[in-house]
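Participant: One structure, pasted below without further comment.
Please treat every number below as a calculation from the coordinates, not as lab data. Keep in mind the model is a prediction, meaning the values are calculated, not measured. Ideal geometry is used to build each Cβ from the backbone, glycine not excepted, and the neighbour counts take in all protein chains shown.
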Amino acid sequence: MCGIFGAVGKKLNKYDRDGIKPILSSLSNRGPDGSGTLFLSSVVLGHTRLSIIDLKSGDQPMKDAISDTYIIFNGEIYNYKELKEGLIGKGHQFITNSDTEVILKSYTEYGTDCLDHLDGMFAFAIWDEKKKLLFLARDRFGKKPLYYTFDKDGNFLIASEIKALFAAGIRGEINPEAIDNYLTLMYVPPWKSIYKNIHIIPPAHAGVFENGKIKIWKYWELREKPIKDSYGETKEKIKKLFEDSVKKRMVADVEIGSLLSGGVDSTLVSFYAQKFSKTPIKTFSVGYEGYINELPYAKEASEKIGTDHYTIQVKGETENELEKVIKYMDEPHADSSNFPQHLVSELASSKVKVALSGDGADELFMGYGWYWKYWNMQKHTQLKNAIFSNPFKEHLKNLSIFSKKDRMEIWKDPSFVNDDIVGYVKTVRKNNIKKVNLFDLMTYLPGQLLTKIDHTSMMHSLEIRSPFLDYKLAEYVYNIPEEYKHDKKGGKIILKDILSEIMPKEFVYRRKQGFGAPIKEWLLEEKMEKFVRKELGESLNMYEYLNKGEINKILSAFYEKGDGTLCYKIWSILCLSLWFKHHGKYHV
């Protein structure tokens, strides 16, 4: 992984060698192994490097002398060796063994259509000196972030993290509608940022900045192409696709480990990863002392697979670890597993530079409880020959932390309350459970889960690779029959079937726990209650937007009247308050 920064314009003096140093320093977690810069008349490019592939000659910014193009790149291209062979066959010559140079040559050969050839996780920018344009792109699922804005002099700026833009002198203008979205979802939707003046390239999108204007387009999406393979055929194809996905994510010039919770997804990832390693891979897991604890299952999986296993227990100091994560986060984010993920990433980074994870399996294979609920609803209404009600509406209602009425009560200005978070699913036809699935894949996955995994791993300079998010696997699984994924008993049927060939049935078919933290229990601890009351009592910036009196009512209902259903609302408000506390100094 790496950190990238770029500036295009006519007044670039402040981004000289001295001016760019604090900017790159803000990205040092993403690239602790080195940094590089490029200064041309119309562009400045900066890069911090975490060395994974081609440790000796893969430095950036990288120049292609033939085409006079330059690149800064964050990510990994998994099929770069195959692409390189094809490009050599077309007459291209290479001077490094890096995947970075393969992107440059692919752009030279295919132009912006090079994205159709790239298989990986990435955010990159290519400066074309002849055409005087900057080509930007982000991977299909949005695993790597890429922000952009304009400075006071009209220069166009890009960066891996918002903190780099702040280091460049930008100040953020809060977008109240984004806060409203956060209060609904516990995260900012992946097609916007918390700021009006700072924007994000959405997942599966690319852009060209030319003549002072940015043009952005979508280059990939999941499309419905029903697959009629039998269950047995589907199972074998998924095994092959998944095995291929893991194999290509094991390519690196450094050791690769795996995050192993003991659940279905991480156990499958770790099993296949071990198949492609000559020595025991290192696996890592986290447990919650006194609460949720899957460490025994992780240990069982490790022993069966034959890994070198490391564990950590979350105990005490909840508030301190939470603050560390939120201080690093660029935007409000209230996933309950943020800081446990930070702790296991910290553990893993002490042993390896790269780790695999099971992210994406629940979204692809319908592993969440709402799919089972709607399966039963659908079967029931079919028996009655009735019209199946719109599942997405109920799904969104179940996801919402604050209802529209709640939000109107806690907002100082109710006119900010809106429902624009359904933007990515408007084109999906009504009354189709795939609308729910598409929301999970295109909104929840990149906005909540991948933002969490990217930031908590980059805090510790750890690269995370997610085999379930191989786009070829995703395109196939998205279109297999629903009954291969879930039924009235649960989800991920076909994955559990595959895992049962490796692990005992009682291990595979135990009740799903997930990676979430025991929020309610934590909030009720005496030390944590004092912390919550202190932070929400002293929060100043947040109350420019929200009504303190209404929030105090929620606190009273939870702590004094015992309404435990409010725990996630309090957690969301707490995370928002801490975010304002640590980031408010960068706001206008």
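Participant: Project the alpha carbons of the stretch 1-141 onto their principal axes and report the range along each, largest first, in whole Å.
Facilitator: Projected onto the principal axes, the Cα atoms of the stretch 1-141 cover 43, 31, 30 Å.
Participant: Rounded to the nearest 0.05, what FRET efficiency is calculated for K299 and E82 with R0 set to 41 Å and r the Cβ-Cβ distance?
Facilitator: 0.60
Participant: Another one. Can you list the residues, at least 5 places off or on another chain, whose amide H is less than 5 Å from the amide H of G287, using H built in the peptide plane?
Facilitator: Distant-sequence amide H within range of G287: I312, Q313, V314.
Participant: Classify the stretch 152-208 as rounded, prolate or oblate, taking a ≥ b ≥ c as the square roots of the eigenvalues of its Cα gyration tensor: rounded when a/c is under 1.5, otherwise prolate if a/b is larger than b/c and oblate if not.
Facilitator: Verdict is oblate for the stretch 152-208.
Participant: Hand me the tally of lysine pairs in the stretch 276-371: alpha carbons under 20 angstrom apart, and the pair either on different chains or 8 or more positions apart.
Facilitator: 10
Participant: So, one more: Cα-based Rg of the chain per 2.2 N^0.38 Å, rounded to two decimals?
Facilitator: So the Cα radius of gyration is 0.95 times the expected 2.2 N^0.38 Å.
Participant: Then there's this: Dipole of the stretch 30-111, Cα-centred, from +1 at each Lys and Arg C-beta and -1 at each Asp and Glu C-beta, to the nearest 20 debye?
Facilitator: 80 debye
Participant: Placing +1 on the Cβ of each Lys and Arg and -1 on the Cβ of each Asp and Glu in the stretch 113-250, which of H205, I238, I216 has its Cα farthest towards the positive end of the resulting dipole?
Facilitator: Positive-most Cα among the choices belongs to I238.
Participant: Run the reach check for K213 against lysines, Cα to Cα strictly under 19 Å, same-chain hits fewer than 8 apart removed. What comes back?
Facilitator: Hits, sequence-local ones excluded: K10, K11, K130, K131, K132, K152, K192, K196.
Participant: So if we plug the beta-carbon distance of K215 and K10 into 1/(1 + (r/R0)^6) with R0 = 30 Å, what FRET efficiency do we get, rounded to 0.05?
Facilitator: With R0 = 30 Å, the Cβ-Cβ based efficiency is 0.90.
Participant: Quick one: check the C-alpha center-to-center distance for the stretch 494-542 versus the stretch 1-80, whole angstrom.
Facilitator: Using only Cα atoms to place each centre, the spacing works out to 38 Å.
Participant: Would you please give the FRET efficiency between S556 and S25, computed as 1/(1 + (r/R0)^6) with r the Cβ-Cβ distance and R0 = 56 Å, to the nearest 0.05?
Facilitator: After rounding to 0.05, the efficiency reads 0.80.
Participant: Next up: Quickly work out the R511-to-I227 label distance, labels modelled 7 Å from Cα along the C-beta direction, and quote it in nm with one decimal.
Facilitator: Calculated label separation equals 3.2 nm.
Participant: Using only Cα atoms, locate the centre of the stretch 250-292 and the centre of the stretch 190-248, then give the distance between them in Å, rounded to an integer.
Facilitator: 25 Å
Participant: Further question on the same structure: Students often forget the sequence filter, so: which lysines lie under 22 Å Cα-Cα from K225 once same-chain residues fewer than 8 apart are removed?
Facilitator: The reachable lysines, counting only those whose Cα sits under 22 Å from K225, are K235, K237, K239, K240, K426, K430, K434, K435, K472, K485, K492.
Participant: Here is a follow-up. Would you calculate a helix-derived [θ] at 222 nm for the chain, using -39,500 (n - 2.57) for each DSSP H run of n ≥ 4 and dividing by the full residue count, to the nearest 500?
Facilitator: Rounded to the nearest 500, the figure is -11000 deg cm²/dmol.
Participant: How big is the charge dipole of the chain about its Cα centre, in debye rounded to the nearest 20, if each Lys and Arg gets +1 on its Cβ and each Asp and Glu gets -1 on its Cβ?
Facilitator: 960 debye
Participant: Then there is this: Using the Cα centre of the chain as origin and beta-carbon charges of +1 (Lys, Arg) and -1 (Asp, Glu), tell me which of T318, V8, L185 is placed farthest towards the positive end of the dipole.
Facilitator: It is L185.
Participant: Rounded to the nearest 20 Debye, what is the dipole magnitude of the stretch 230-335 about its Cα centre when Lys and Arg each give +1 and Asp and Glu each give -1 at the C-beta?
Facilitator: About 700 debye.
Participant: Something else: Are there any trypsin sites (Lys or Arg not before Pro) in the stretch 88-170 that are in a DSSP loop and have at most 16 other Cβ atoms within 10 Å? List them by number.
Facilitator: The qualifying sites are K90, K130, K131, K132, K152.
Participant: With each label point set 7 Å from Cα along the Cα-Cβ vector, what nm distance links N541 and E482?
Facilitator: So the label points at N541 and E482 sit 4.3 nm apart.
Participant: With a point put 7 Å past each Cα toward its Cβ, work out how far I502 is from S41 in nm, to one decimal.
Facilitator: Result: 5.7 nm between the two label points.
Participant: Under the rule a/c < 1.5 gives rounded, and otherwise a/b versus b/c splits prolate from oblate, where does the stretch 84-127 land using the Cα gyration tensor?
Facilitator: It comes out prolate by the Cα gyration axes.
Participant: Principal axes first, then extents: for the Cα atoms of the stretch 142-263, list largest minus smallest coordinate on each axis, whole Å, largest first.
Facilitator: If we take the Cα atoms of the stretch 142-263, the spans are 59, 39, 36 Å.
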